[in-house]
1. State all residues of the stretch 225-254 that are near the ligand (Cβ under 10 Å from one of its atoms), touching an Asp or Glu at 6+ places or on another chain (Cβ under 8 Å) and either over 16 Å from residue 147 (Cβ atoms) or not in a loop (DSSP other than H, G, I, E, B) (or both); if no residue qualifies, say none.
2. Which numbered condition trips up residue 82, out of (1) without any contact (Cβ under 8 Å) to a residue 40 or more places away in the chain; (2) under 20 Å from the mean Cα position of the chain (by Cα); (3) under 30 Å from residue 23 (Cα atoms)?
3. Restricting to the stretch 166-190, and then to whatever is away from the ligand (no atom under 11 Å from the Cβ) and in contact with a Gly (Cβ under 9 Å, 6 or more places away or on another chain), can you tell me which residue is farthest from residue 129 (Cα to Cα)?
4. With respect to residue 273, determine if the residue is more than 16 Å from the ligand (Cβ to nearest atom) and out of contact with any helix residue (DSSP H, G or I) (no Cβ under 7 Å at 6 or more places or on another chain).
5. I'm trying to understand the selection: among the residues of the stretch 150-165, which are out of contact with any strand residue (DSSP E or B) (no Cβ under 8 Å at 6 or more places or on another chain) and within 11 Å of the ligand (Cβ to nearest atom)?
6. If you take the residues in the stretch 39-83 that are over 17 Å from residue 272 (Cβ atoms) and polar (S, T, N, Q), which one is modelled with the lowest pLDDT?
7. Being within 16 Å of the ligand (Cβ to nearest atom), among the polar types (S, T, N, Q) and not in a helix (DSSP H, G or I) is the filter here, so list the residues in the stretch 109-148 that pass it.
8. Suppose the filter is part of a helix (DSSP H, G or I), of a type outside the set (Asp, Glu) and in contact (Cβ under 8 Å) with a residue 40 or more places away in the chain; does residue 48 pass it?
Amino acid sequence: MTIIDGKALAIETRAAIRHKIEASHIRPGLAAVLVGNNPASKIYVNNKRKACDEVGIYSEACFLPEETSEADLLACIHRLNNDPKIHGILVQLPLPKPINERVVLDAVAPEKDVDGFHYVNVGKLVANEPGLRSCTPLGVIKLIQSTKVAIAGSHAVVMGRSNIVGKPTALLLLHEHATVTLCHSKTKDIAAVCRTADILVAAIGRPRFVTKEMIKEGAVVIDVGINRLPDGKIVGDVDFEAVAPHAAAITPVPGGVGPMTIAMLLQNTLQAAIWADERNGRG
Ligand code: NAP
């Protein structure tokens, strides 16, 4: 059994991004937009900016007060859409209640939508056309690929059908030629479905839900879940200790999918900058 080291893979990916930037004339730029004073969101934004610094991506943050109106937020995004230094715009979710999240996400220029949440990018993902893909699902695919287990022809089971993790992960696996089953809270006998998986991706937000009885011997298990227990400990959706001996490869929590999500954000920002440079060259 292999424990897939997401931290090491993320460091490797970030080093490759840094080398690519150093060797080119492109200076990618990322803007993070945060509304309100959520301390966890502030930490996420600052971590992302630190990661940008390390690889040579210019970054800036727009910290807007909790009472910011939707119109003012849209004006900020509009300004960033028109700023040539900025190639990626990240709107930290959740947004305060009165603001319509969908309207805001769709206000980001699709070519700067490094989270892959804009409907244009969602459509491109469905159609399997080039576009910016969501970071966590991209990281999941890289982690599976790192095991050298073939995705093509495998049966992949994805637990969770959210727009930001479950659905895009299922589509990426489909485009990698897996046969995909997407499970959710209404799936009947989910344990039996999971037992048929060569590749199991758990993204349901239920601590240690996946037990060894739900695993096919030798499966690849990717745990996207981040759950805080009452004692403060962070655990995934998979009962790691029990499942690991039966898996061919498994990601830990923390240290699995999480670090790859940020690495993929940097990769998307670089990709957006390369595409912008190509468009400018053409124009
Ligand atoms: P979400 O929007 O709450 O969606 C959860 C999904 O899981 C829903 O589709 C739900 O089904 C399904 N589900 C819930 N309980 C279930 C059960 N008992 N059996 C089967 N399906 C069940 O969550 P999310 O945003 O996708 O996030 C999922 C987890 O990943 C969370 O722990 C989150 O913190 C973590 N996450 C991690 C990263 C990272 O970078 N590592 C990034 C994003 C999210 P229904 O649709 O039927 O309700």
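1. Result: 225, 227, 236, 237, 253.
2. Condition not satisfied by residue 82: (2).
3. 179
4. The answer is yes for residue 273.
5. Let us first name the residues in the stretch 150-165 that are out of contact with any strand residue (DSSP E or B) (no Cβ under 8 Å at 6 or more places or on another chain), namely 150, 152, 162-165.
Listed by number, the residues that qualify are 162, 163, 164, 165.
6. Going through the qualifying residues, I end up with 41.
7. 134
8. Yes; evaluated as a whole, the condition is true for this residue.
The values are calculated or read from the model by the stated rules, or taken from the named source; none is laboratory data. Every value quoted in this text rests on a predicted model; they were computed, and no experiment measured them. FYI the Cβ positions are ideal-geometry reconstructions off the backbone, even for glycines, and counts take in every protein chain you see.
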